[in-house]
Amino acid sequence: MLQAGFRRWARRGVRVPGDVLLASTRGRVLRELQERHRAEATRIGARLRAGEPAAREELASLATRALMELRRGVASANLLSRLFSTVDRRWLAPGAIELMDMPELDETRRTRIIEALDRWNVLSGSYDLFLDELRPLLRPDGPTRILDLASGHAGFALHLSRVARSEGLDLRVTATDRSATYLEVGRARAAAEGLCLELRVQDALDLSNLEPGEFDIITCTQALHHFPAGLVAVMFETAVRAAGRGVVFIDGSRSAMHAATMTAVGHLWFRQPDFTHDSVVSLRRFFYPEELELLAHLGDWGDGVEARWMPPNHCLLRLDRSR
Ligand SMILES: C[S@@+](CC[C@H](N)C(=O)[O-])C[C@H]1O[C@@H](n2cnc3c(N)ncnc32)[C@H](O)[C@@H]1O
């Protein structure tokens, strides 16, 4: 009952008032920047597709520059924006490191953080919310092949496999990550639950090894903040070219208010300082929805990308090619 109530609240969500005020300013500045940079981004995207090695760096650097221009443009829009932007600059910490990502961290502690994160995602209904965004892209007429990038311990991929089994959905899910160690945790859980799930090591930034048409949908959940802004644009461009039906990228939204919520959840509910630490670091590294929108809208497919805030505290990027 507690979970159901929580999920109802989560589906409505509350966006921080400062974010709402700044969202329209960000939207206006980002449209100007798209106009300014799209032609160049499209040219670089074509070279990236042709396999030109320098193109990746060029796209990343253009996207990083555009994001900086967005942040500067918002900060100089009016007095209120300047005030919020000054606070936000202090809050933003793209270089902060989660304990989970420290190679020297004791494996027991890492596993406990991962398990708490997974329980939180199930409790808050996040995995179901992510799946809801995928449903319109599923094939009505046969198996839908889904490639999940930067899956970590495959929490979302396992959830997809569980739902596929319980609802009789025809999903073929492949969880990937650059870390074989994380994938082994997912493999063990899939085996323990008798779930059908493929797991493989894959660089999310280079999908040139995939067969054409190998996957219908490419997903990436809760991992974009692990990549420098420029590489998020590269990853989106790369996924769009490789996916047959569409791309769904979801990550958290930067928020001090949610950091307070997660501190309470981490300490009072899970009683886990490590989980609290990593949640707060993530909330300082996340992008705002309009920032991700800019990074995903630079390419020539940009206008087809749906980019928005997704309650309770996520950002969605979705390109649906199935229609
Ligand atoms: C927060 S974790 C995974 C989150 C997971 N998708 C979820 O929803 O719970 C971020 C993951 O990104 C992976 N990662 C970072 N850079 C990567 C890259 N270039 N290619 C593939 N995976 C990468 C890390 O190994 C880590 O497992």
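Taking a Cβ cut-off of under 14 Å around residue 30, the surrounding Lys, Arg, Asp and Glu residues balance to a net charge of +2, with basic ones at +1 and acidic ones at -1. Note on residue 119/residue 201: beta-carbon distance plugged into 1/(1 + (r/R0)^6) with R0 of 25 Å gives a FRET efficiency of 0.45.
Does anything in the stretch 248-278 have its amide N under 14 Å from the 7 Å Cα→Cβ label point of residue 90, and if so which residues? Those under the cut-off are 256. With Rh defined as the Kirkwood radius, the inverse of the mean 1/r over Cα pairs, the Rg/Rh of the stretch 2-320 is 0.95.
Per residue, the convex hull spanned by the alpha carbons of the stretch 281-323 comes to 76 Å³.
Each of residue 306 and residue 32 was given a label point 7 Å from its Cα along the Cα-to-Cβ line. The distance between the two points is 3.0 nm. Among residues other than residue 194 whose Cβ falls under 14 Å from its Cβ, what is the net charge (Lys/Arg +1, Asp/Glu -1)? Result for the neighbourhood of residue 194: +3.
Taking every alpha-carbon pair under 8 Å whose residues sit at least 6 apart, the chain reaches a relative contact order of 23 percent.
The label point for residue 167 and the one for residue 108, both projected 7 Å from the Cα toward the Cβ, are 3.9 nm apart.
Laboratory data are not the source of any read-out in this text; all were calculated from the coordinates shown. Since this is a predicted model, take the numbers as computed values, not measurements. Note that we place each Cβ from the backbone using ideal geometry, even for glycine, and neighbour counts take in every protein chain shown.
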